[in-house]
1. Within the range A:1-11, which residues are surrounded by 11 or more Cβ atoms within 10 Å (Cβ to Cβ) and either at the interface with chain B (Cβ under 10 Å from one of its Cβ atoms) or closer than 18 Å to residue B:184 by Cβ (or both)?
2. Within the range B:163-196, work out how many residues are among the basic types (Lys, Arg) and either buried (at least 17 other Cβ atoms within 10 Å of the Cβ) or within 11 Å of chain A (Cβ to nearest Cβ) (or both).
3. Considering only residues that are crowded, with 18+ Cβ neighbours inside 10 Å and within 15 Å of residue B:75 (Cα to Cα), which ones fall in the range B:20-46?
4. So if I check each of A:32, A:38, which one is surrounded by 14 or more Cβ atoms within 10 Å (Cβ to Cβ), away from chain B (no Cβ under 11 Å) and either of a type in the set (A, V, I, L, M) or part of a helix (DSSP H, G or I) (or both)?
5. If you take just the helices (runs of 4 or more DSSP H) that sit entirely in the range A:153-242, which of them hold at least 2 residues that are closer than 20 Å to residue A:114 by Cβ?
6. So, residue A:178, is that one over 21 Å from the mean Cα position of the chain (by Cα) and under 23 Å from residue B:42 (Cα atoms) or not?
7. Among the residues that make up the range A:8-22, is at least one of them without any contact (Cβ under 8 Å) to a residue 12 or more places away in the chain, more than 19 Å from residue B:155 (Cβ to Cβ) and acidic (Asp, Glu)?
Amino acid sequence: MRPKTAYEQLEWIDAYFQNALPPQERIEFEDELRTNPEFAKEVAFMQQVEDVVDDFLLAEMVSEIHAEKVQEWHAEEPRVHEAPVVPLHQPAAGRVPWWKWSAGMAAAATIAFTSYITLSPIELHDSLSQTIRGGDNSISEQPSRVCFENFYAGRSFVMTQQPEQAIPRLQQVIDCEVRPYFKDASKWYLTVAYLQADQAQQAENMYQEITKNPDFQYDINWLDKQKIRWQIRIAKWFGKSN
Amino acid sequence: MENFKELIGIQSQEKLLARLRSKDRRELNEAIRDVYSHHISPVRYFVMQNGGNAQDADDLVQITVLNFVQAVRNGSFQLQEGTTIEAFLFVLAKNRWRNTLKQRGLMRDYVQEMESTVADVDFWEASAQRIMEEREDQERYLKLFNLLGERCRFILTAYRRDGLSMKEIARQMGYDNERIAINEKYKCLQKLKALFRYET
């Protein structure tokens, strides 16, 4: 039965949206909707309200989850503004013969360097060489956008220490029809990802592929090469990468 | 590894989309958490590496997830074979971030570079653009809804959020009976209608 008051009409529309009208009344509702433009306008407004309420509740939910996740992320990130510890008294240095001092320094430097290349993360440069990979104008010729997205996502996952996410994406880039620069960069990122994932043998195989390729285009600095070689070795000795 | 394969597999992505479309708020909540846990970190990292700080990255993540879930729920987003949810999130975020950088006058080389990569017709790019435009409209209405005040917002959302009947809403609001709650709801709707009319 068509409601008579505005309140009843509101309840009628609500019941329709909630699928709570009996079949006969539902048909009546839809007839009214077709034939009464004023009523149709009212229903359209109520539909708009439903959509906005949906959006509001969703935004509220995302906001709650987001707040939790941000707390987690920030707890995981290293604190960069911690004040350095300053000793109150400098210990007095005793007199040591020069040769002992030099030998000690050399040993300390060796230990420090070994520790550094063992423990420090591999630098992953975020900027890509514009010249080598072909410049801006030709990028749009890339046959596959998916490859490109995989490349960027894979690199991001390596940088955020999520090798399980990075490996399949970077493997896909290697199989893609993209410029050699991107394939080579992907091989380097993949080596690091394998190491992060405790897959030392795969990391070594990929690194050997890189070193044996005279046309390798991605620029890896000397220190990073030492780090990866050493970290692969350590990972193979101890059965893990870190 | 098996879990991971399942996670990035198309079938699993379809499952996630189905959960994001769910009317069950608990299931939706868990699905959004999955988006945060498995698909969004490249976006955050991307912003921090492209002229943004941690706050910018967090803000962009939130709006990207919200827009994505809205697009999934209203049918604007459809998964294509060979593509990933994550790639789409990335394009969505990239577009928003590009606009932010433009507004700040910080258009940098790498942003121009990314523009050149997507200059041709691209499904994700077009889709992301369309969703952003749709969202601008919806966000206007959402702002108007927020102008209603807490009491009206509670009355209009309590059924959908907590499944409360008008009787229960009346009790929670301290009204004597259900009729008063319905009357209040009507008044809130009239207020909202006036706001919407003013906007259009």
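Only the coordinates and a few stated rules stand behind these numbers; no lab work does. Predicted model, so just to flag it, every value in this text is computed and none were measured. All Cβ positions, even for glycine, are placed from backbone atoms using ideal geometry, and neighbour counts span all protein chains on display.
1. Keep residues of the range A:1-11 that are surrounded by 11 or more Cβ atoms within 10 Å (Cβ to Cβ), which gives A:2-3, A:6-11.
Matches in the range A:1-11: A:6, A:7, A:8, A:9, A:10, A:11.
2. The initial filter retains those residues of the range B:163-196 that are among the basic types (Lys, Arg), namely B:167, B:171, B:179, B:185, B:187, B:191, B:193.
From what is left, the residues that are either buried (at least 17 other Cβ atoms within 10 Å of the Cβ) or within 11 Å of chain A (Cβ to nearest Cβ) (or both) are B:179, B:185, B:187, B:193.
Selection size over the range B:163-196: 4.
3. Result: B:20, single match.
4. Working: A:38 fails: surrounded by 14 or more Cβ atoms within 10 Å (Cβ to Cβ).
Of the residues listed, the single one that is surrounded by 14 or more Cβ atoms within 10 Å (Cβ to Cβ), away from chain B (no Cβ under 11 Å) and either of a type in the set (A, V, I, L, M) or part of a helix (DSSP H, G or I) (or both) is A:32.
5. Fully inside the range A:153-242 and qualifying: A:180-196, A:200-212, A:222-238.
6. Details: over 21 Å from the mean Cα position of the chain (by Cα): yes; under 23 Å from residue B:42 (Cα atoms): yes.
For residue A:178, the condition - over 21 Å from the mean Cα position of the chain (by Cα) and under 23 Å from residue B:42 (Cα atoms) - is met.
7. Looking for residues that are without any contact (Cβ under 8 Å) to a residue 12 or more places away in the chain, more than 19 Å from residue B:155 (Cβ to Cβ) and acidic (Asp, Glu), one finds none in the range A:8-22, hence no.
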